[in-house]
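Note sheet for the following structure.
The values are calculated or read from the model by the stated rules, or taken from the named source; none is laboratory data. It should be emphasised that the depicted structure is a prediction, and the values quoted were computed from it without experimental measurement. Because the Cβ atoms are built from the backbone with ideal geometry, glycine has one as well, and the counts that use them run over all protein chains shown. Ligands, DNA and RNA are stripped out before the accessible areas are found, and what is left, the full protein with its side chains, is counted by its heavy atoms. Shrake-Rupley method; radii C 1.70, N 1.55, O 1.52, S 1.80 Å.
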Amino acid sequence: MSADQGVNPEAVEGTRQEIRLLVGEIARLARTELEPAEFCAEFLSRMVSAMAAVGGAVWTAEDGGGLALQCQVNLGQAGLGARDEDDQARHGRLLQKAFSGDKGLLVPPHSTAESGQQAGNPTEYLLVLAALRTDLKTVGVLEIFQRPDTGSEAQRGYLRFVLQMCELAGDFFKSRQLRSLSDRQVLWSQLEEYARAVHTSLDLRGTAYTIANEGRRLIECDRVSLAVTRGRRCRIEAVSGQDVFEKRSNTVRLLGKLAERVAAAGEPIWYTGDTRNMAPQIEEVIQEYVDQSQSKAVGAVPLLRPGSAGDDQEADQDQEQTGEAEQVVGVLIVERIEDNRVPESMLQRIDFVCQHGSSALANAWEHENLFLMPLWRSLGKAKWVVGARTLPKTVLVLAAAIVLLGCLLIWPASFEMESGGTLEPVLRQNIFAGLDGRVEAILVDHGETVSADQPLIRLRSTDLEMDVASVTGKQMTVGQQILTIQRVLLEEPELTVEQQNRLSGQLAERKEELRSLDEKLRLYKRKQRELLVTAPSDGVVMTWELRDRLTGRPVRRGQFLMQVADPEGPWQLELRMPEDQVGHVLKSQRELGDQLKVTYILATDPGIERTGRVVEIHRAAEVQGEEGNTVLIKVTLDEDPGSVEDGQMPASRQVGAELTARVHCGRRCLGYVLFHDLIGFIQSRILFRL
């Protein structure tokens, strides 16, 4: 029987199907986004299974040029781990030869790859080696340990299969390189966008908000805050994602305190749950802040003012001698709320954000502190007013402004002080209660004409009545005692001298007591007469709703009861001038004397404008409710406000009628008349404080 007839076609076809399946799996693996270590392990296991090999290994390139074991299958069975150093060196040189060669290698057991070189196979297995390549570079070497008892044709088949599979694996590394280049391109675009954004403006607050918001997007953390140094203090100027924040809150206050401690130290700090290596002053603050913010990771990096590129060596030596460090212009605070890990890539991005952020912040700070910067900024924005097309309009506006200013400074105008007040008769009397008591009867009504000494109100005092009754009872008792003593002295002639003297003394004592009681009774009677309140002079009752307000009510001595005025007599205005304006009136009174004119209108008769003259200005200010401190000014009227007809007051003669008056304080320039309040504010609140 021939050898071809001994081969089972079905077994061969089954093996081919298995190999095709493994090759398909490898091709699918090459299109996935696995990590290199995971892909190499899956790739190697399928290669060993497809080739029915003893084992294998994948070696990847290192930055130093060497090869490192990435993954292996039965490497110990091949004996490489237990070989001496010479065998391992020979094997290493063999891997380097496969790494740098364009074709794969078939190396028989216990052999040297080429004469004169020390690269060879120290194992008892056939080694099939092929490089893992991309279009840009070689990334590793695939090594398969195969049994040596196979024909040369089968061994060359092994090599072709390994080369084909390495091409598929190269597609994986090529895709990964493309993704890495794409991610790097995106990162560079983000870095460029951030650098351009932070250097766009020289406004300090705008730059701070840009650093915080764009920095958080670039760093890919939860929150970024920026504190700006002002002397030894640090103030939180921007928080990412927040246009407005409460600067007096506990969180912001603790964040500012942390920034101050980090700025004083001049070195970055990182908190990931452990504070054992921190300075005590920083540890205390960061623990308080973490308790408030619930952040898992917090980093605070000082932003140093960039040193000048043209500094000479002598300046550097002076700086070293004085011990001065680079000035801290701000502190960048990075937070992660859910995760306390800080990857290396995040640290690199934070470093980039700090480099450009410190430069932009220092430039904005220097620009902000230029002398009269707000003025220069305003002048810079106003350059368009002198352009060729706008120059005629500018000249016209300036001419109009000069004319207006001249009018304000030169044009005379009437200077008037406005005030509120009331219309009152000059002859008026306020009537008060003379004793404590209760109002028993109201004998007059509002608007009723009364004469002098006419009863107005009758009061009753129970206490006074009891006192009168008590004194009267004592008088009767003392009188009876006097009569008894006199009768004894007259009817008892047998009394001794001593008894007569004693009774005579008692009689004199009782008579003196009786005289005292008579005097007290006369005083009580006088008080009783005071319970009847009378009019002090002729006039008209001006108080409204007397009966409703006073009937049956208890009153105390000195309490106001009513007002009686003479409406037929002279009238006057009582103005309540604000204290901060009365100075102009006093100055004008000194200049004009009795000729200080007043114009007023009554609220009851606003259609007629009347005049008067200032006759008296009180020297003390009084508090008048919502009006504040006011000074009373009395004004006599130039004309009679009207007479009483048929007992009815005219509209122009209402007691206490509200009015609006203007005191004419002479003439001043128009600008002072319009802006005297502003001038007074500047003089008292600004110039005086300077």
Per residue, how much accessible area does the stretch 186-238 show when a 1.4 Å probe rolls over the protein heavy atoms, in square angstrom? 51 Å²
Enumerate the aspartates and glutamates that Lys174 could reach by cross-link, defined here as Cα to Cα under 19 Å, with residues fewer than 8 away along the same chain left out. Glu25, Glu33, Glu35, Glu38, Glu42, Glu62, Asp63, Asp102, Asp135, Asp183
Where in the chain are the helices, taken as whole DSSP H runs, whose Cα atoms extend 27 angstrom or more along the long axis and whose Kyte-Doolittle mean reaches at least 1.6? 391-410
For the chain, the fraction of alpha-carbon pairs in successive 20 Å shells from zero, as %: 11, 17, 18, 17, 12, 11, 9, 4, 1, 0
Counting DSSP beta bridges in the stretch 218-305, what percent are antiparallel, to the nearest 5? 100 percent
Quick check on the chain: helices-only [θ] at 222 nm, where DSSP H runs of length 4 and up contribute -39,500 (n - 2.57) each and the sum goes over total residues. Nearest 500, please. -15000 deg cm²/dmol
Principal axis lengths of the stretch 83-217 from Cα atoms, whole Å, largest first? 78, 32, 21
Run the 1.4 Å probe and let me know the accessible area of Trp270, rounded to the nearest 10 Å². 80 Å²
Descending packing, highest mean Cβ count within 10 Å first, for 85-98, 675-688, 40-53 is 40-53, 85-98, 675-688
Just to confirm a number: summing +1 for Lys and Arg and -1 for Asp and Glu over residues other than Arg349 whose beta-carbon lies under 12 angstrom from that of Arg349, what do you get? -2
Projected onto the charge dipole of the stretch 87-239 (unit charges on the beta-carbon of Lys, Arg, Asp and Glu, signs +1, +1, -1, -1), the Cα from Leu94, Ala154, Ala197 with the largest positive-side position is that of Ala197
Relative contact order for the stretch 538-634: what is it in percent, counting Cα pairs under 8 Å that are at least 6 residues apart? 27 percent
Hits among lysines - C-alpha to C-alpha of Lys597 under 25 Å, sequence gap 8 or more where chains match: Lys587, Lys634
So what is the accessible area of the stretch 491-554 per residue, in Å², with the probe set to 1.4 Å? 72 Å²
Exposure rank, largest accessible area first [Ser295, Ser152; 1.4 Å]: Ser152, Ser295
Return the subset of Lys137/Lys296; Lys247/Lys296; Lys474/Lys527 for which the Cα-Cα distance in this structure is over 31 Å, preserving the input order. Lys137/Lys296
Per residue, how much accessible surface does the stretch 25-99 expose to a 1.4 Å probe? Answer in Å², no decimals. 49 Å²
How about the stretch 491-576: which trypsin sites (Lys or Arg not before Pro) there are in a DSSP loop, with at most 12 other Cβ atoms within 10 Å of their Cβ? Arg556, Arg557
Find, among the trypsin sites (Lys or Arg not before Pro) in the stretch 193-245, those assigned to loop by DSSP (not H, G, I, E, B) with at most 12 other beta-carbon atoms within 10 angstrom. Arg232
Would you mind getting the Kirkwood hydrodynamic radius of the stretch 24-146 from its Cα pairs, rounded to one decimal in Å? 14.7 Å
When the dipole is taken about the Cα centre of the stretch 398-482, and only Lys, Arg (+1) and Asp, Glu (-1) are charged at their Cβ, what size is it in debye, to the nearest 20? 160 debye
Report the charge-dipole magnitude of the chain in Debye, nearest 20, computed about the Cα centre from +1 at each Lys and Arg Cβ and -1 at each Asp and Glu Cβ. 1140 debye
Only Cα pairs under 8 Å and at least 6 apart count here; give the relative contact order of the chain as a rounded whole percent. 10 percent
Just to confirm the filter: which GluC sites (Glu not before Pro) across the stretch 445-515 are DSSP coil and have at most 13 other Cβ within 10 angstrom of their Cβ? Glu494
Hey, any idea what % of the chain's accessible area is carbon plus sulfur with a 1.4 Å probe? 51 percent
